[in-house]
Each structure stands twice: as C-alpha cells, then as structure tokens.
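*Asks:* Here it is, the structure in full.
Laboratory data are not the source of any read-out in this text; all were calculated from the coordinates shown. Keep in mind that what you see is a predicted model, and the values were worked out from it rather than measured. Here the Cβ positions follow ideal geometry from the backbone for every residue, glycine too, while neighbour counts run over all protein chains shown.
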C-alpha cells in the first residue's frame, strides 16, 4: 500500500495547523495592543510588526485615508524587523509620501468599495497599479488590500504582500479581514482617547487661563480698592491697617513715630477758577512730590479730596518738622499753565507725635494721633496757611483755632 498520499495529506494538515496557530497568535498579539494609547504612527508600526512576526509575509503597509487621499502612513518588511536601527519610522525613502486616490488601483478600490481586493499575480492583474520607483514594470507576487472599516467610515487600507504568485489562501483572507476589524476598533478607540485627551488638555488650558485671568482681575480690583486711581497713592483703606502695624511696632520697641496731615491750600478755588483738568494736574504733581519725600517704611495715602496723610516710622517730632518744611518748600516751586497765567498753590501740614505714650489699643492710639495732626493742620489753615505746626505747640497756645476754610 502506498503511504505517500497520506504523508502528503498529513504534511498539509500540519502546515495548516501551524498556520492557524500563527494566525491566532497574531490576533492575540494585536488585541494586546488595544489600550496602549500612543502615537498613531507607532501604534500602526507595532501592528505591522505583529503581522510580520506571525505570518510568512515579505512586506506590509497601512494607508490612512485623509481628505480623499490614501497616504502611506507606515510600511514594514523583514529588513525593518531585523534592523538594529532605532527610530520611530524606519521607513525607506519615498514610502511615506506614497499616495493613491480613492478608487485608484487595488488600494483605492478597497477603500472605495469597503471590500477586500485580492491580487493573485501582480504582473498579470490589470487592477494592480504600481507607484514609485520611477514607474517601473509591475512586480510579480501576491497582494491583498483590505479596508480598515470603522462603524461609520473607512479609515484606511492594509496591504500585505508575498513575492510568490497565488500565495494567499482563503484562510489568509479571513485572517486579514478579522485583523482589519480588530485594527479598526483599536484605531477608532485610540483616536477617541486621543481626542478626549486633547479636549481635556484644551479645557484644562482654558480653565487655567480663566483662573489666571480671574486671579489677575482679583489682583487688579484689590489694587484698585487700595490705590487712588488719579494720584497712584494708596487710599484710606490701605493706610489704616498699615499705619497701625507701624505704630504697634514703634510702641512695642519704644521707637519714635510721627504723623503728618497735609492739605492743599485753596484747592476749591483752583478747581473753580481753572477747571478740574488743572485741578487734577495739581493733585498728581503734588502727589509725585510727596512720594519723593517718603523713605522706605513710611506710609503715605490720599485721604480724599485734597488731603493726604503720612505715617513716619522711627521719626521724632523734630524730624517730622524738618520733613514737613522740605515738602512745603518743594510745593511752592511747582507751577501749572493756566488759561491766562501760571497757577501756583501751597500746602498746610499738621503734625503729631507718639512721644512717650503707650497703649494696648493701637487703633485708638492711631485715631488719636490723626485727630491731633488734624487739629494742628486747621490751626495752620486759620493762621495764614503755607506752613506747618504740631499739636503740642497748638495746645500750648491759648488761642487754639478751630477748622479754617479749605
């Protein structure tokens, strides 16, 4: 009895069995790629490596459909697998720029119809259209072009090539179709995840920008609430807590502390005679002079209208007098251009000093020093203006004056 036919049948069955094992291994390896959310190019390169490792193929590639054109996104062959070159692409020159229109050649027909195109012999099949390599003659061999179809559209085409004609069998077609179905799901999920990550990054960036804008706006409003817009000096809201803190340190450590209250003489007449534009210039320029006079650690504020306050750390009464006199002299030199003549003005300054006083209630102590400086100021206003005096001097005079005309 001739056993040769049985041996041949057994060999074929074994060959198909091992091919089936390789096919299942390829599908298993492909499935493990799902969930690895990575750059799409690298993902597709890994997919092709799986095909090459588990199937007897010469070359494979993936064309991605973009704007009606099928662009070769990645191509792999055995040379790439065995190459020691490390890189993202490992593509031969020109492969990445290869394109087909939808409907053009086997690749284009696969994309157009959504069905696999099987070319059993590239040298005789009229559907085969070779590009690249200067338009050389068709190459012999077998080619399968299988569409990658998502639930709503064709994403691209997988090409698998073997140099032998009539190499691919029915089970190859089923394997490639199943392979493309899984690949479509992987690509679709990867893109959805990428889009979601991009959306999250964009929304996060928008939120960060919004928070930064809100913080800037908050800082701006806080600054506006503490700074006088016209003069750039701090206002009363800033002055009181800061001055109280300076006074508390002075009282605690026995340091001298003085207070100045400054008022522009006849400022209402300046506004009424020359207009508010000139009045604003007067306020800004006098504020600039006052800024020049303060030291680090001193506090200055516009109290409202034409009135200003100084809190002078480590400054005794005599030092406050010297500072007040310098300020008065600097203001006398200022001039503004009026409609008919130069505008000039003067200031009056009331002074108070902490001296030896101490109190557990620094807020009340600050209020008392401000009241005393205010009394001294209005003494100056009622005795000729353009001068400074202190509360102690006023108190010692029997003809202490009340508030004068502003």
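*Asks:* Peptides 112-120, 180-188, 373-381: what's the order by average Cβ count within 10 Å, highest mean first? Each step should come with its number before you reach the end.
*Replies:* Values: 112-120: 17.0, 180-188: 19.4, 373-381: 23.7.
In descending order of packing, they fall as 373-381, 180-188, 112-120.
*Asks:* Once fully extended, how much extra length lies between residue 196 and residue 124, figured as 0.36 nm per residue of separation less the alpha-carbon to alpha-carbon distance? Mind dumping the intermediate values first?
*Replies:* Values: separation 72, 0.36 × 72 = 25.92 nm, distance 4.67 nm.
Contour length minus the Cα-Cα distance gives 21.3 nm.
*Asks:* Let me ask something additional. So how do 197-207, 101-111 stack up, highest first, on mean other-Cβ count within 10 Å? Before the final figure, lay out the partial values.
*Replies:* Numbers: 197-207: 10.1, 101-111: 21.2.
Put in order of decreasing packing, that is 101-111, 197-207.
*Asks:* Here is a follow-up. Under a point spin-label approximation (7 Å from Cα along Cα-to-Cβ), what is the residue 357-residue 174 distance to one decimal in nm?
*Replies:* Placing both labels 7 Å along Cα→Cβ, they lie 10.3 nm apart.
*Asks:* Between residue 215 and residue 98, what is 0.36 nm times their sequence separation minus the Cα-Cα distance? Round to one decimal in nm. Please list the in-between numbers first.
*Replies:* Numbers: separation 117, 0.36 × 117 = 42.12 nm, distance 5.11 nm.
The span from residue 215 to residue 98 would gain 37.0 nm if fully extended.
*Asks:* Set the Förster radius R0 to 30 Å, insert the Cβ-Cβ distance between residue 342 and residue 226 as r into 1/(1 + (r/R0)^6), and round the FRET efficiency to 0.05.
*Replies:* Details: r = 35 Å, r/R0 = 1.15.
Once rounded, the FRET efficiency stands at 0.30.
*Asks:* Something else about it: Full extension from residue 150 to residue 53: what is 0.36 nm times the residue separation minus their Cα-Cα distance, to one decimal in nm? Show your work: numbers first, answer last.
*Replies:* Working: separation 97, 0.36 × 97 = 34.92 nm, distance 2.53 nm.
Additional length available on full extension: 32.4 nm.
*Asks:* Using the alpha carbons of region 236-396, what is the convex hull volume per residue in cubic angstrom, as a whole number?
*Replies:* Hull volume normalised by residue count: 103 Å³.
*Asks:* Kindly give the semi-axes, whole Å and largest first, of the ellipsoid equivalent to region 196-328, taking each as the square root of 5 times a Cα gyration tensor eigenvalue.
*Replies:* Here the semi-axes work out to 38, 24, 10 Å.
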